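Below you'll find the structure, written out as structure tokens, and then a few comments.
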Amino acid sequence: MTPLDGVRVVDASTLFAGPLAATILGDYGADVIKVEHPAKGDPARGHGPAKDGVPLWWTMLGRNKRTITLDLSRGAEVFRRLLAGADVLIENFRPGTLERWGLDPASLGSQLVVARVTTYGQFGPYASRPGFGTLAEAMSGFAAITGEPDGPPTLPPFGLADGVAALTCAQAVMTALYHRDVHGGGGQVIDLAIAEPMLTVLGMQAMVYDQLGVVQRRTGNRSVNNAPRNTYRTADGRWVAVSTSAQAIAERVLRLVGRPDLIDEPWFATGVGRAAHADELDEAVGSWIAARDLATVTAAFHEAQAAVAPIYDIADVFADPQFQARDSVTTAEDPVLGPVRMPAPLYRLSRTPGRIAWTGRPRGADTDQVLGSLGYGEDELRKLRDEGVV
């Protein structure tokens, strides 16, 4: 038994935020049916590197999903029949597109949870604009505070906003299902603007501006809330990250690097006070670390019960004993590639853990099986194919 046995999710979204939310639900047992255009498919199939013709990003993103092809603009009735047995629809078309196809969420069933994932949301002056997670990273304020103080705003080299939106979407779906199934509230529409979860994860920026009129600026790897907090280079050319969000940790670090005198300074008693003296603290910590190799630095920090971590690339992640012990990057079997490594299901449940039953499947691999279960016979399927509907 998996925790989401009996929940059917129709994933009609493309690229990353919506599909990743569906992947998360599929990891915990939801029956996810991926709907792709017969000719175009999900653009994620062509995104990033491939091996032996197998798109690697799709291999992970499409895991635990059955795949069918369906042109929603021409196959609205087929789609309605599919949704009649579904609990959740995830889509990311521009606002008004489903309505134009005669698929207004209000007409799709009173028990259906419809998650609509777009850059700007379903209403507002920007609702109809095309957009991606990159624009959400720009407009949310994230890029403005990322980078060095004298450098340009910096965008993340991966789909950060899409990933945050995917986590939010999966949680929103589960909230809506709980309301429906426990409180008898029926289905509902989730209007998720990718830009808005970014406002939440950026923390207290909005409140600080509202109450104090302060706009946060770029500080590189430093924090405006505490210090020392930075990356520091070791004598053997490696890098470590140090964080001192807790007062006790900050004191341990300064004692370790031979500067206990700074602990007695009045400004040292608060994170904000320490952040205002980041230059002095960085010099104390950075010079100590620069004189020692990585192994010595990390061993000394661990002995002092101070917070430090090496800066890893993905090869380091694979080799790290903590990630290995937890199988954080797990192994799945792909029919073409054989064993493949990918991130394990997102969280660990003691009674009903997630699992990877299969990797991303070829486009339309399950069309006949899924539509056959809806009552379509061989002749009808052949006709739908001839017409380009599937």
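The values are calculated or read from the model by the stated rules, or taken from the named source; none is laboratory data. Since the model is a prediction, treat every value here as computed from it, not as a measurement. Quick reminder, even Gly has a Cβ in these numbers, built from the backbone with ideal geometry, and neighbours come from all protein chains shown. These accessible areas exclude ligands, DNA and RNA; they are computed on the full protein's heavy atoms, side chains included. Shrake-Rupley method; radii C 1.70, N 1.55, O 1.52, S 1.80 Å.
Filtered by the rule that a residue be open to solvent by less than 20 Å² (accessible area, probe 1.4 Å) and outside any loop (DSSP other than H, G, I, E, B), the range 39-53 gives a lone residue, A44. Across the range 82-111, what is the number of residues that are in a loop (DSSP other than H, G, I, E, B) and open to solvent by less than 10 Å² (accessible area, probe 1.4 Å)? Selection size over the range 82-111: 1.
Within the range 129-146, the set of residues being farther than 11 Å from E196 by Cα, modelled with pLDDT of 95 or more and open to solvent by 20 Å² or more (accessible area, probe 1.4 Å) comprises T134, L135, A138, F142, A144, I145, T146. Each residue in the range 211-231 was checked for being at pLDDT 95 or above, hydrophobic (A, V, I, L, M, F, W, C) and part of a loop (DSSP other than H, G, I, E, B), and 3 of them qualify. Just one of the listed residues (S373, S350) is closer than 22 Å to A84 by Cα, without any contact (Cβ under 8 Å) to a residue 24 or more places away in the chain and open to solvent by 70 Å² or more (accessible area, probe 1.4 Å), namely S373.
A quick yes/no check of all residues on (1) among the hydrophobic types (A, V, I, L, M, F, W, C); (2) modelled with pLDDT of 95 or more; (3) in contact with a helix residue (DSSP H, G or I) (Cβ under 7 Å, 6 or more places away or on another chain); (4) under 17 Å from V173 (Cβ atoms):
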| site | (1), (2), (3), (4) |
| --- | --- |
| T14 | no, yes, yes, no |
| A21 | yes, yes, yes, yes |
| I33 | yes, yes, yes, yes |
| D52 | no, no, no, no |
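Every condition in (1) in contact (Cβ under 8 Å) with a residue 12 or more places away in the chain; (2) open to solvent by 50 Å² or more (accessible area, probe 1.4 Å) holds for V253 except the one numbered (2).
Answer yes or no as to whether T367 is of a type outside the set (D, E), in contact (Cβ under 8 Å) with a residue 12 or more places away in the chain and within 24 Å of A21 (Cβ to Cβ). It is true that T367 is of a type outside the set (D, E), in contact (Cβ under 8 Å) with a residue 12 or more places away in the chain and within 24 Å of A21 (Cβ to Cβ). Of all residues in the range 174-205, those being among the hydrophobic types (A, V, I, L, M, F, W, C) and open to solvent by 60 Å² or more (accessible area, probe 1.4 Å) number 6. Just one of (1) among the hydrophobic types (A, V, I, L, M, F, W, C); (2) touching a residue at least 24 places away in the same chain (Cβ under 8 Å); (3) out of contact with any Phe, Trp or Tyr (no Cβ under 8 Å at 6 or more places or on another chain); (4) surrounded by 13 or more Cβ atoms within 10 Å (Cβ to Cβ) fails for I263. It is (2). Of the helices (runs of 4 or more DSSP H) contained entirely in the range 302-390, those carrying at least 1 residues that are under 30 Å from D236 (Cα atoms) fall at 314-319, 321-326. For the range 173-210, enumerate the residues that are within 14 Å of V113 (Cβ to Cβ), touching a residue at least 60 places away in the same chain (Cβ under 8 Å) and not in a helix (DSSP H, G or I). Correct list: G186, G187, Q188, V189, I190, D191, L192. Going by the conditions given, is T67 part of a helix (DSSP H, G or I), within 30 Å of G338 (Cα to Cα) and not hydrophobic (A, V, I, L, M, F, W, C)? No: the conditions fail for T67. Taking (1) surrounded by 12 or more Cβ atoms within 10 Å (Cβ to Cβ); (2) β-branched (V, I, T); (3) in contact with a helix residue (DSSP H, G or I) (Cβ under 9 Å, 6 or more places away or on another chain) in turn, V208 satisfies each apart from (3).
Residue check: is A315 of a type outside the set (S, T, N, Q) and open to solvent by less than 50 Å² (accessible area, probe 1.4 Å)? So A315 does not fit the description; no.
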